[in-house]
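Each remark here refers to the structure printed beneath this line.
Just so it is clear, none of the values below were taken in a lab; they were calculated from the coordinates. Computed from a predicted model, the values in this text were never measured in an experiment. As a convention, Cβ positions derive from the backbone with ideal geometry for all residues, glycine included, and neighbour counts pool all protein chains shown.
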Amino acid sequence: MPTTSSKLTEWVARTASGDRAAFSKLYDATSAKLFGVILRILKDRARSEDLLQDVYLKIWQRADTFDRDIASPITWMATIARNAAIDVVRKHARDLQASDADVTEVPDTVPRADLVIEEKETWQKLEYCLGALEDEHREAVKLAYLNGHSRDEISAQLRIPVGTVKTWLHRSLKKLKECLVG
């Protein structure tokens with residue numbers, strides 16, 4: 001049985017308070033998905049396993065910054081994992097191009113303020129556009145694109161035919177695109 005977003009939210013909140021048991025549950029419930037996110041980017045199992053541990057350290061350290069009004073817990077954690085994996089790819093590319101003169105340069109690890117603001121505005125607009133969808137369609141979109149469920153899983157969870165799920169997703173994505181672009 002999949003873990004609910006509200007359960008993940010609870011575990012993140014408890015993790016922010018230093019609750020190791022909640023952090024362990026959070027890890028057990030999400031590590032496979034985050035590992036998949038990292039592996040798709042790095043394409044190296046050993047490096048992905050190492051990075052996954054670093055990602056969970058960041059989640060432990062930043063749990064108090066999670067805002068459920070901006071994103072679901074799995075989206076927030078997947079963003080941390082994705083960004084960490086991209087950083088590894090970029091660092092590897094820089095290392096290959098680095099010369100001795102570059103050795104004294106230390107990259108700034110703090111995210112740029114303009115990018116943080118832009119990301120927050122994007123999430124807010126997405127939430128607004130999602131709110132314009134019918135409840136069932138919004139739920140299907142969130143299950144598919146924020147939680148990573150297949151059409152078959154969504155069909156079973158919402159108790160509707162797979163063809164209906166496909167239609168809802170297609171129409172909802174079209175409406176979201178119009179809302180986001182317009």
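At a glance:
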{"quantity": "³J(HN,Hα), Karplus 6.51/-1.76/1.60, whole Hz, each residue of segment 139-144, x for Gly, Pro", "calculated": "4, 4, 4, 5, 4, 6"}
{"quantity": "Set of aspartates and glutamates near Lys175 by C-alpha distance (under 12 Å), chain-local residues within fewer than 8 positions excluded", "calculated": "Glu134"}
{"quantity": "Angle between the chain longest axis and helix 45-62 axis [Cα atoms, degrees, rounded to 10]", "calculated": "80"}
{"quantity": "Neighbour-count ranking [beta-carbon atoms within 10 angstrom, fewest first] of Thr4, Thr30, Thr75", "calculated": "Thr4, Thr75, Thr30"}
{"quantity": "Exposure proxy order (Cβ contacts within 10 Å, fewest to most) of Arg159, Arg68, Arg112, Arg14", "calculated": "Arg159, Arg112, Arg68, Arg14"}
{"quantity": "Contact order relative to length of segment 120-182, as percent, for alpha carbon pairs under 8 angstrom and 6 or more apart", "calculated": "39"}
{"quantity": "Förster-model FRET efficiency, 30 Å R0, Ser31 and Glu178, C-beta, rounded to 0.05", "calculated": "0.25"}
{"quantity": "Proximal aspartates and glutamates to Lys58, defined as alpha-carbon separation beneath 14 angstrom and excluding residues fewer than eight positions away on the same chain", "calculated": "Asp50, Asp87"}
{"quantity": "Ser24 paired with Val110, simple spin-label distance in nm, labels 7 Å along Cα-to-beta-carbon", "calculated": "3.6"}
{"quantity": "Principal axis box of segment 112-182, alpha-carbon based, largest edge first, Å", "calculated": "44, 23, 15"}
{"quantity": "Cα-projected label distance for Lys120 with Asp87, points at 7 Å along beta-carbon direction, nm", "calculated": "2.0"}
{"quantity": "Rg to Rh, two decimals, where the chain supplies the alpha carbon set and Rh follows Kirkwood", "calculated": "1.01"}
{"quantity": "Contact order relative to length of the chain, as percent, for alpha carbon pairs under 8 angstrom and 6 or more apart", "calculated": "19"}
